[in-house]
Structures are given as C-alpha cells and as structure tokens.
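Each remark here refers to the structure printed beneath this line.
Only the coordinates and a few stated rules stand behind these numbers; no lab work does. Because the structure is predicted, anything quoted here is derived from the model rather than measured. In this analysis, Cβ positions are derived from the backbone assuming ideal geometry, glycine residues included, and neighbour counts consider all displayed protein chains.
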Number of protein chains: 2
Amino acid sequence: MSEENKKTAETSEEIKQQEAAAEAVESVHSEKSEQSEAAAEANESSGVTREEELLAQIEQLKAEKEELNNQYLRAHADLQNFRTRVNKEKEQMLKYSSQRAVEALLPVIDNFERAIAASQDAQDTSALKEGIEMVFRQLQQVLEQEGVTVVPGVGEPFDPNMHQAVMQEESSEYESGMIIEEFQKGYKLKDRVIRPSMVKVSS
Amino acid sequence: MSEENKKTAETSEEIKQQEAAAEAVESVHSEKSEQSEAAAEANESSGVTREEELLAQIEQLKAEKEELNNQYLRAHADLQNFRTRVNKEKEQMLKYSSQRAVEALLPVIDNFERAIAASQDAQDTSALKEGIEMVFRQLQQVLEQEGVTVVPGVGEPFDPNMHQAVMQEESSEYESGMIIEEFQKGYKLKDRVIRPSMVKVSS
C-alpha cells in the first residue's frame with residue numbers, strides 16, 4: 001500500500017512538471033512575442049531597417065517554434081514512459097493479487113494442521129468436531145474480511161443475477177417466483193456475484 | 001483477463017494516434033517552411049514587396065506556432081486522461097484482487113460444510129478424520145495453484161530472508177548455521193516470502 005502511495009505521489013509530481021511545462025509554453029507564446037514587438041518599436045527609432053527587424057522577428061518565431069516542438073516531443077515521451085511504468089505495475093499487481101487473502105489463510109492452515117495432528121490419537125469425536133468447527137469459522141472469517149458474502153436464499157424472491165433456478169415446483173406456502181429450496185450456496189465478492197446459488201423456485 | 005487485453009489494445013491505439021500527431025508536427029515544421037520559402041522566391045519576381053513577403057512569413061510562422069501549441073496541450077490532456085483511467089483501473093484491480101483465490105476456495109468451503117454436517121451424527125472418528133483430511137488437502141491445493149510454497153525447513157542452511165531464528169543450540173548432528181527444528185512453517189507466494197518460518201538453528 002505504501003508503495004502504491006509512492007506511485008501516486010510520483011504521478012502528481014509529474015503532473016506538476018507537466019503544468020509547469022504548459023505555463024512555460026504560455027510564456028513562450030506571450031512574453032517573447034511582446035518582447036519582439038517592443039524590440040521592433042525600439043529599433044524603428046534607432047536606424048535598424050524594417051527588413052532587419054522583420055528578419056529578427058522571423059528568427060525569434062522559428063526559435064519559439066523549435067522550443068514548442070521540443071516540449072511537445074517531451075510530453076509525448078512522458079506519456080510513453082508512463083504507459084510502460086503502468087504496465088509493469090499492473091503485472092506486479094496481478095502477480096501478487098492474492099497475497100492479502102493468502103496471508104489471512106496461513107493461520108487457518110496452521111490451526112487446521114494442529115486439529116488434524118491432535119485427532120491422530122484422539123478417540124473423542126466431540127473434541128475433534130469442536131476443533132474442526134473452529135477452523136471452519138476462522139476460514140469463514142477470512143472470506144468475510146475479503147468482502148465475501150452469501151447470496152440470500154430460501155424465502156427470497158428469485159433474482160437471475162444471483163440465483164440459478166435448477167427446479168420449479170408449485171408451493172402452497174410461497175407465492176410464485178420465490179426460492180423454496182437451496183441446493184448450493186451462492187457467493188458475492190463485494191458487489192460482484194462470483195457464484196450464483198442453485199435453487200428451487202416456486203411456480 | 002480479456003478486459004485487460006482490451007485495455008492494452010486501447011493503449012496501443014492511443015500510441016498510434018500520438019505517433020501520427022508527432023508526424024504531423026514534423027510536417028508542420030518542414031513542409032510548411034519549405035512552402036513559405038518557395039512562396040517567397042516566387043513573390044520576388046512578381047512585384048510583391050520584400051516587406052509583404054516577410055510579413056506573410058511571420059503570419060505563417062505564428063499560425064504554425066499556434067498549431068504546435070494546440071498539439072502540445074492535447075498531448076498534455078491525453079496524459080492526464082490516461083492517468084485518470086489508470087487510477088480507476090487500479091482501484092478495480094485492488095477491489096477484486098482476491099477473486100481468483102476466493103473462487104478457488106468456494107468448493108473447499110462446500111466440502112468443509114458437508115464434512116461438518118456428516119460428523120453431526122457420526123460416531124466413527126476415522127470417517128470424520130478422513131473427510132477432514134480431504135478438505136485440508138483441497139485447501140492446500142488451492143494455495144499451490146495460487147503459487148504458494150512452503151519455505152524449506154529442517155536440514156537446510158539458515159537463510160535470514162526466509163527463516164526467523166528464535167533459538168540457537170549446539171548440535172552434534174548438524175554443522176553450524178543449519179536449521180535443526182521448525183516451530184512454525186514459513187510460506188512464499190511465488191518468489192516473495194510472505195511469512196518466514198520460525199526455526200531453531202545449530203550454533
């Protein structure tokens with residue numbers, strides 16, 4: 001995350017540079033032209049010919065054009081460098097995308113191993129069951145922390161965005177289009193349905 | 001993933017546009033200047049005064065400067081738009097970063113629930129143990145698929161990059177600086193150590 005912030009900081013630094021460059025272009029545009037016009041007026045009274053004055057103005061404009069062109073090319077190069085950097089960052093993000101979830105799973109794995117090891121010489125099923133249920137709750141908590149929620153089931157109106165109807169049946173208890181049985185739980189990751197539930201719907 | 005490819009395609013499309021723009025600048029630079037010089041020569045023999053000719057050249061240069069400036073400002077705006085889009089993309093990537101891992105965990109959760117449900121009326125510990133061990137292997141497989149590996153332990157030379165020494169002990173069996181006992185497993189995600197193992201090292 002801190003690396004991420006650093007990247008954002010670099011980015012805003014670059015934006016500032018870009019803005020400074022844009023201002024520079026503005027000043028090339030206005031100040032220098034004003035200068036050359038002022039110079040032209042001064043020259044008129046000092047014996048410099050009209051032709052020399054115009055030629056100087058042309059040289060000035062050519063230099064300004066050159067400067068603008070360089071600034072454009074730099075902006076263009078900046079954009080390409082930024083693209084390259086962004087692509088590398090995305091690759092890294094994809095490569096380690098599961099890190100947070102995996103880190104959260106490690107204590108679950110530890111406890112799972114302990115529960116299995118303890119069960120090797122245990123004859124008491126209830127202690128084993130308890131241990132296993134604790135590990136399961138811990139696993140559920142990891143998923144909750146990642147933003148995983150269970151899709152609402154029996155008693156809810158059928159919604160094709162999160163339910164998959166595998167059976168239909170008349171029901172005296174429910175009005176039409178309600179979920180009356182769930183065969184497999186569905187799950188959402190934040191606002192995204194990652195697995196619809198498999199359900200029986202009242203007709 | 002296919003969305004990712006699409007983004008890359010858009011990006012290269014933009015690069016092409018940028019390159020086309022760069023070529024356009026080049027042509028503003030060379031062709032137009034050649035044209036105005038050619039025009040100047042033509043004018044010399046057609047009664048247009050030297051002053052009019054120079055003034056025309058100045059107008060021409062000013063127009064070219066204006067065009068270059070607009071191209072620079074567009075490139076600058078493109079860069080800012082690109083940044084905005086990239087930041088949105090990164091946000092999305094972070095938001096759903098655990099999706100692949102979570103999807104792979106759902107069948108583990110299903111089987112875990114089944115094993116616990118089956119254990120409610122089972123008096124036979126061995127059947128329960130078997131079911132639980134199966135779930136555990138499945139969970140390990142999910143982690144393997146994500147690129148998680150166990151840090152090498154007992155018998156390996158101590159490496160501060162992946163081992164955390166919590167005890168030291170003289171050993172007749174091992175030479176100095178070897179891992180002689182492991183208290184907690186360490187894990188790597190691809191090439192990155194996400195949890196060093198806690199070990200006892202021979203002195």
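Sorted from largest to smallest, which semi-axis lengths in Å does the alpha carbon gyration tensor of the range A:101-149 give for its equivalent ellipsoid, taking the root of 5 times each eigenvalue?
24, 12, 4
Given points 7 Å out from each Cα along the Cα-Cβ axis, report the A:D121 to B:D159 separation in nanometres with one decimal.
With each label point 7 Å from Cα toward Cβ, the separation is 3.5 nm.
Summing +1 for each Lys or Arg and -1 for each Asp or Glu, what net charge is found among the other residues whose Cβ lies under 12 Å from the Cβ of B:M167?
-3
Which distances, shortest first and in nm, link B:N70 to the matching position in the other copies, using label points set 7 Å out along Cα to C-beta?
2.5
Defining the label point at 7 Å along Cα→Cβ, can you sort the distances from A:D124 to the same site in each other copy, shortest first, in nm?
2.4
Rounded, prolate or oblate, given the Cα gyration tensor of the range A:116-203, with a/c below 1.5 counting as rounded?
Taking the square roots of the gyration eigenvalues as a ≥ b ≥ c, the range A:116-203 is oblate.
Run through the other copies and list how far each one's label point is from that of A:S171, in nm with one decimal, shortest first; the point sits 7 Å from Cα along Cα-Cβ.
6.3
Compute the Cα gyration tensor for the range B:54-179, then decide on rounded, prolate or oblate, letting a ≥ b ≥ c be the square roots of its eigenvalues: rounded whenever a/c is under 1.5, prolate when a/b is larger than b/c in the other cases, and oblate in all that remain.
oblate
Subtracting the Cα-Cα distance from 0.36 nm times the residue separation, let me have the gained length for B:E181 to B:E130 in nm, one decimal.
So the chain would gain 15.5 nm between B:E181 and B:E130.
Which net charge results for the neighbourhood of B:E181, defined as the other residues with beta-carbon distances under 10 angstrom from its beta-carbon, given Lys and Arg at +1 and Asp and Glu at -1? Write out the running numbers ahead of the final one.
Details: positive: B:K200; negative: B:E169, B:E182.
That works out to -1.
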